[in-house]
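Student: Before we start, here is the structure in question, set down as structure tokens.
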Amino acid sequence: MLTLSARGPAPAPAGRPVARPGQTTFPFADISIGVITERTAEGDALIRELQKLRARPQHVWPVPATLPTGYDVLLCDLVDDLPTRVPWLPGEPESALIALLPKNGPFRPELLRDTAAHGVLVLPSDALTLQCTLALARDHFRYEQRLRGRIDKLDENLRNMRSVERAKSIIMHRKGMNEEDAYQFLRRQAMSKRVSIGAIANAIVDSQELLG
């Protein structure tokens with residue numbers, strides 16, 4: 001005979017607040033948001049919706065020559081020269097950027113691409129669309145940050161590998177060692193000084209360049 005047992009809800013992971021039934025959550029609470037659009041009816045409605053989400057919107061107008069930094073998210077009108085106003089292009093973005101488009105405005109994919117926006121919001125916008133756009137833009141921004149971190153790590157590993165090869169060549173030439181012994185010499189030096197082999201290799205290469 002099949003017996004069904006009642007089980008309570010699974011415990012929440014440590015450190016995560018437990019949402020009570022019927023309790024409203026605010027995933028965008030205290031997020032700093034720069035709103036760069038004219039205070040029209042659509043602009044005012046956008047700011048009110050952000051305030052309802054308990055975010056911290058700050059209005060900026062007109063569009064500055066260089067977009068401000070220090071915000072978690074920037075909502076900015078897609079003006080013709082916006083790519084020249086984004087201070088981190090080309091480079092690592094400092095904020096999640098959402099381009100604001102008018103409902104009946106022209107669609108300019110090239111301009112949108114050159115802006116490297118993390119999301120697009122058409123005004124006027126309803127509350128659900130705004131929340132979805134904010135969530136996706138922030139996720140896209142964080143994902144891009146993780147990818148850049150991995151790329152930086154790979155670049156560092158490649159530089160260290162080149163330095164190790166150069167350092168081995170220097171040691172082989174100066175101490176008359178073969179390649180394996182030169183590598184073991186680097187390892188022993190790194191272990192004794194409690195640093196990475198790459199750091200030891202870089203020091204040897206730098207000293208060689210200084211001595212000529």
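The values are calculated or read from the model by the stated rules, or taken from the named source; none is laboratory data. Because the structure is a prediction, the values reported are computed rather than measured. FYI the Cβ positions are ideal-geometry reconstructions off the backbone, even for glycines, and counts take in every protein chain you see.
Student: Within the stretch 38-62, can you find the residues that are surrounded by fewer than 16 Cβ atoms within 10 Å (Cβ to Cβ) and closer than 18 Å to GLY119 by Cα?
Tutor: none
Student: Considering GLU144, GLU110, GLU165, which residue is over 28 Å from VAL73 (Cα atoms) and not hydroxyl-bearing (Ser, Thr, Tyr)?
Tutor: The unique qualifying residue is GLU165.
Student: From GLU209, GLU144, grab the single residue that is without any contact (Cβ under 8 Å) to a residue 12 or more places away in the chain and not basic (Lys, Arg).
Tutor: Residue meeting the stated conditions: GLU209.
Student: Answer yes if at least one residue in the stretch 140-151 is among the β-branched types (Val, Ile, Thr) and under 30 Å from ALA199 (Cα atoms), and no otherwise.
Tutor: Yes.
Student: Let me ask something else about it. Does ILE33 satisfy the condition of being assigned to a helix (DSSP H, G or I), among the aliphatic types (A, V, I, L, M) and either modelled with pLDDT of 95 or more or out of contact with any Gly (no Cβ under 9 Å at 6 or more places or on another chain) (or both)?
Tutor: no
Student: Mind checking which residues of the stretch 65-83 are free of Cβ contacts under 8 Å to residues at least 60 places away in the same chain and either surrounded by 13 or more Cβ atoms within 10 Å (Cβ to Cβ) or within 19 Å of ASP139 (Cβ to Cβ) (or both)?
Tutor: LEU67, PRO68, TYR71, LEU74, LEU75, CYS76, ASP77, LEU78, VAL79, LEU82, PRO83, listed by residue number.
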